[in-house]
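Read-outs: derived from the displayed coordinates by stated rules, not from any lab. If you're wondering where the values come from, they're calculated on a predicted model, not measured in any experiment. Here the Cβ positions follow ideal geometry from the backbone for every residue, glycine too, while neighbour counts run over all protein chains shown.
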2 protein chains.
Amino acid sequence: MKNMTKLDTQILEKIYAIVGHAYVEDDPVSLLSYSYDATPGYQSMPQAVVRPKSTEEIAQLLKLCYEYEIPIVPRGSGTNLCAGTVPTEGGIVILFTRMNQILEIDEQNLTITVQPGVITQQLIEQVESLGLFYPPDPSSMKISTIGGNINECSGGLRGLKYGVTKDYVLGLEVVLPQGEIVRTGGKLAKDVAGYDLTKLLVGSEGTLGIITEATLKLIPKPASKKTMLALYPNIEHAAQTVSEIISAKIIPATLEFMDQLTLKTVEDFAQIGLPTDIEAVLLIEQDGHPDVVEQDIQQIAKLCEQYGASSIQIARTVAESEQLTTARRSALTALSRLRPTTILEDATVPRSKIAEMVRSIHRIAEKYEVQICTFGHAGDGNLHPTCVTDYRDEEEMHRVEEAFAEIFEVAIQLGGTITGEHGVGIVKAPYLSWKLGDTGVAAMKAIKQAFDPKNLMNPGKIFAKAERKRIVIKG
Amino acid sequence: MKNMTKLDTQILEKIYAIVGHAYVEDDPVSLLSYSYDATPGYQSMPQAVVRPKSTEEIAQLLKLCYEYEIPIVPRGSGTNLCAGTVPTEGGIVILFTRMNQILEIDEQNLTITVQPGVITQQLIEQVESLGLFYPPDPSSMKISTIGGNINECSGGLRGLKYGVTKDYVLGLEVVLPQGEIVRTGGKLAKDVAGYDLTKLLVGSEGTLGIITEATLKLIPKPASKKTMLALYPNIEHAAQTVSEIISAKIIPATLEFMDQLTLKTVEDFAQIGLPTDIEAVLLIEQDGHPDVVEQDIQQIAKLCEQYGASSIQIARTVAESEQLTTARRSALTALSRLRPTTILEDATVPRSKIAEMVRSIHRIAEKYEVQICTFGHAGDGNLHPTCVTDYRDEEEMHRVEEAFAEIFEVAIQLGGTITGEHGVGIVKAPYLSWKLGDTGVAAMKAIKQAFDPKNLMNPGKIFAKAERKRIVIKG
């Protein structure tokens, strides 16, 4: 039976024997540190925190946990926003701080092979120093691990042109719940040997196995990049421009959106001279061959003007360009200063529905009298309606809850999804059937059951136990 | 119980009631026509051939088949090369000739929504007429269906730069074995609502459900294209050039390889003035912005020269360019004229191992005294060692069998896979565990069991019953 009390001494001894005493923690302070992640309002204590150093150690750990029915929660840096690493059923949190090596960069095959604990930003810097490019760039990339990115299938600002984490995972080494080690895929652009276990595991949120190594696809680094900002007195014109750019057959590297409230907050925070009297901005980047970039940016600027931008600013220097990007990247940080609790969601719609979605978010925020700022990856329809609120106010939290439920409902109605890049975790689990129907959820549960019959791998994630909505689990 | 005799009249009546009498065939001639596909040497009679016109009809059919335990084999145009549509356990072959509509091309979201029976080439032409692009281009595209492409996760000549079918499937409608209808994904660049059922279904070879609709990603059509041919007196130099081009951070749209025997045969067949006295050619295409294409082609030409090409020919006109591509595309047709039986395989290796793989194929062909021509998608390591032989010669066929087994073994040793783009079907099933280990195969079988507990969906594919190798099943 799963239980959340202290682990039996006999079991602890066995864990010590596998990873070494120094790499097991079960003191209250350590357990508390890993009882929550970046998601506000969710907390639950693990029974131990373990830092293995190898796949073999993880295999032994999983065998032990299988025998004694102890839940396992893999955790990178805990930056996820779906409570995906909260150990809701106790058990062992596995950390990858000792499995954080870049094992190989293969320039002939354009691949990088890494352990799960590598920090995303370090990976990106390393490959860029060789003239190569790893596009997925979640906002948390400075601290997130690549293992966490793979488990959640992280997206980022470059998703529109370059895709998401899944599109770059070519092969995995994974330890299955009973301790068997499987290697999927490889340094291969084409591989159809049976079901695609690689893509099934990416985004499976640690519920099917523990990823212990990954081979990722790299591409040549684009030779140049340009950044521009377009200001809109009318938010709908901004949304329309997004569709018009794509319809003109230009795929920018980045096509980001911020509404007025986000903009004001970012400007208060970063003081970079952003205008605060307009309804929306689009932050647009194109990369590639310098001539193509120049041509695209000019054409995009024309479209922005044509569809209602009041002002367009093209960065002249790398510094200016970085300043504009930083503005967008700091949105969450800035917003989180407004009130005690920030809830960042990621309802996603087909890009042609952006205007309708933004309109609906505003209507819903008014209806429930909550404060929702919206920014996000407009180019791929992945919006981040972000509610600044206060968890201590139960009545307001109830309204926040209702507002988000309605936002998800509208997203589904518009042909969208409940989560574009954050994952389901605990937070979205009650809404999963809205997207997939009961049959779709049943199919997923059947896969879970097939892999993990004892439900030990990150239990409580993806699948809701009941129709529970967002509630605070007190630690 | 599954049985391969004539279907019970009572069951036939029920099928008539679902799809209409006119769309059910069970006369010997019709059954014979669907007893085999493009894969030489595999044949088995179905019990009925049914042409439903809607998802609803398919759902009803599957419910019926589930009740009476009748196997179901979905079939597009039967162009696959893994015996993926041979009804080895009898049952009903479902055809999609009445579900062959393009339902929508959405220019704002860059998607196309199609029924499974749409011919790939028609889809490609339709979207190109709008300035859009659907890159996957299997050699069979003139007659293959998109449903077949999705079930097999077809590749093609443009895989290196643009990826394969999987990379373009955004959403599916699928009927599960018990007749439930599920819709996965959508017009969404980002969607992490649970396990990726879409990518699991792509390439699942009809073993998990029947795909009844697909939403595919489109991209803007590249503005221009250039084609070139580089001739090599030394085959290893050709292989090395492939790696050097990628290492120089150029990703051509197409990077194809043909060895001398293939070349001679194609020239005999197509009479287009190909040289036949050299060991290998590379056919290289780049597409994109005209300036970039020009620059890349010049740089590639330089690299070809530097690494041993004796002659380089850059097509000056579209007609010349098409002639060069046609040469490569007609390789299989040309080779199939040499002897009664042509076995086209698709062992795939990391691209840096192409030279070693080609060398091994030559060595193995000599060892077993069989004639193997090699051509294929060198840029993505996806080679097509093709044996021209005669199925009537049992002794020779045994040597062919042994030779291919050794080729797969070498591919795996080099970090490759047993199939890059043809699928497992019946042909590769005995070798699947070489790639994935018994644990990997067990994980796949668990998924199959979870979806299809009665094993009715295209039974006998992907998973081998015993260590059976390539043998002729007489019709």
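Across the stretch A:176-191, rounded Karplus estimates of 3J(HN,Hα) from the backbone phi angles (6.51 cos²θ - 1.76 cosθ + 1.60, θ = phi - 60°) give 7, x, 9, x, 6, 9, 10, 10, 10, x, x, 7, 10, 7, 10, 6 Hz, Gly and Pro being marked x.
Look at the stretch B:248-257: the mean tally of other chain Cβ atoms within 10 Å of its residues' Cβ atoms is 2. Listed by Cβ neighbour count within 10 Å, with the fewest neighbours leading, A:Ser243, A:Ser224 appear as A:Ser224, A:Ser243.
For A:His384, the amide hydrogen comes within under 5 Å of the amide hydrogens of A:Phe375, A:Gly376, A:His377, counting only partners 5 or more places away or on other chains and with H modelled in the peptide plane.
The helix-based estimate of mean residue ellipticity at 222 nm for chain A, built from -39,500 (n - 2.57) per DSSP H run of four or more residues and divided by its residue count, is -11000 deg cm²/dmol to the nearest 500.
Count Lys and Arg as plus one, Asp and Glu as minus one, and take only other residues whose Cβ is under 11 Å from that of A:Gln260; the net charge is then -3. Residues with beta-carbon under 9 Å from that of A:Thr55, excluding A:Thr55: net charge, scoring Lys, Arg +1 and Asp, Glu -1? Taking every Cβ under 9 Å from that of A:Thr55, the sum is -4.
Of the GluC sites (Glu not before Pro) found in the stretch A:51-150, the ones in coil according to DSSP and having at most 13 other Cβ atoms within 10 Å of their Cβ are A:Glu69. Separation of the stretch B:313-354 and the stretch A:1-79, taken as the distance between their Cα centroids, equals 54 angstrom.
Please give the helix B:9-19 orientation as an angle from the longest Cα principal axis of chain B, in degrees from 0 to 90, rounded to the nearest 10. Taking Cα atoms only, the helix is inclined about 60 degrees.
Note on A:Arg337 and B:Ser54: with the Förster distance fixed at 51 Å, the Cβ-Cβ geometry gives a FRET efficiency of about 0.40. Residues whose amide H comes within less than 5 Å of that of B:Phe133, counting only those at least five positions distant or on another chain, are B:Ile219, B:Lys221 (H built at 1.01 Å from N in the peptide plane).
Each of B:Cys387, B:Pro52, A:Ile245 was placed along the dipole of the protein assembly as shown (beta-carbon charges, centred on the mean Cα), and the one lying farthest toward the positive end is B:Pro52. Near A:Pro275, once Lys and Arg are set to +1 and Asp and Glu to -1 for all other residues with Cβ below 14 Å from its Cβ, the sum equals -4. B:Asn234 to B:Ser33: FRET efficiency via 1/(1 + (r/R0)^6), r the Cβ-Cβ distance, R0 51 Å, to the nearest 0.05? Plugging the Cβ-Cβ distance into 1/(1 + (r/R0)^6) gives 0.65.
Sorted from closest to farthest, the other copies place their B:Ile272 label points 5.1 nm away, with each point set 7 Å from Cα along Cα→Cβ. Legend: calculated FRET efficiency, B:Gln295 to A:Ile251, from the Cβ-Cβ distance at R0 = 22 Å, rounded to 0.05, equals 0.60.
Sorting the segments B:178-184, A:201-207 by their mean number of nearby beta carbons within 10 angstrom, highest to lowest, gives A:201-207, B:178-184.
Per residue of peptide A:291-304, the mean number of Cβ atoms on other chains within 10 Å of the residue Cβ is 1.
Would you mind listing the distances between the A:Pro453 label point and the same position in each other copy? Use 7 Å along Cα-to-C-beta, nm, one decimal, shortest first. Once sorted, the set of distances for A:Pro453 reads 1.4 nm. Checking every one of the trypsin sites (Lys or Arg not before Pro) in the stretch B:107-162 against DSSP loop status and a limit of 15 other Cβ atoms within 10 Å picks out B:Lys142. The fewest-to-most ranking of B:Tyr307, B:Tyr168 by surrounding Cβ atoms within 10 Å reads B:Tyr307, B:Tyr168.
Spin-label model, B:Glu322/B:Gln306: points 7 Å from Cα along the beta carbon direction are separated by 3.5 nm. In terms of its alpha-carbon gyration tensor, the stretch B:224-334 comes out oblate; a/c meets the 1.5 threshold, while b/c is at least as large as a/b.
With respect to chain A, whose longest principal axis is taken over its alpha-carbon atoms, helix A:235-247 is tilted by about 80°. Just so you know, the Cα atoms of the stretch B:335-436 work out to an Rg and Dmax of 12.7, 38 Å. Karplus-derived 3J(HN,Hα) values for the stretch B:263-277, using 6.51 cos²θ - 1.76 cosθ + 1.60 with θ = phi - 60°, are 4, 4, 5, 4, 5, 3, 6, 9, 6, 10, x, 6, x, 10, 9 Hz; glycine and proline are entered as x.
Compute the Cα gyration tensor for the stretch A:102-220, then decide on rounded, prolate or oblate, letting a ≥ b ≥ c be the square roots of its eigenvalues: rounded whenever a/c is under 1.5, prolate when a/b is larger than b/c in the other cases, and oblate in all that remain. Since a/c reaches 1.5 and a/b is larger than b/c, the shape of the stretch A:102-220 is classed as prolate.
In order along the stretch A:303-313, phi translates into HN-Hα couplings of 5, 4, 4, 4, 9, x, 5, 8, 7, 10, 10 Hz, rounded to whole numbers, per the Karplus curve 6.51 cos²θ - 1.76 cosθ + 1.60 with θ = phi - 60° and x for Gly and Pro. Distances between placed amide hydrogens fall under 5 Å for B:Cys153 paired with B:Gly203, all partners being 5 or more residues away or on another chain. Per residue of peptide B:428-439, the mean number of Cβ atoms on other chains within 10 Å of the residue Cβ is 3. By the count of neighbouring beta-carbon atoms within 10 Å, fewest first, A:Thr265, A:Thr341 end up ordered A:Thr341, A:Thr265.
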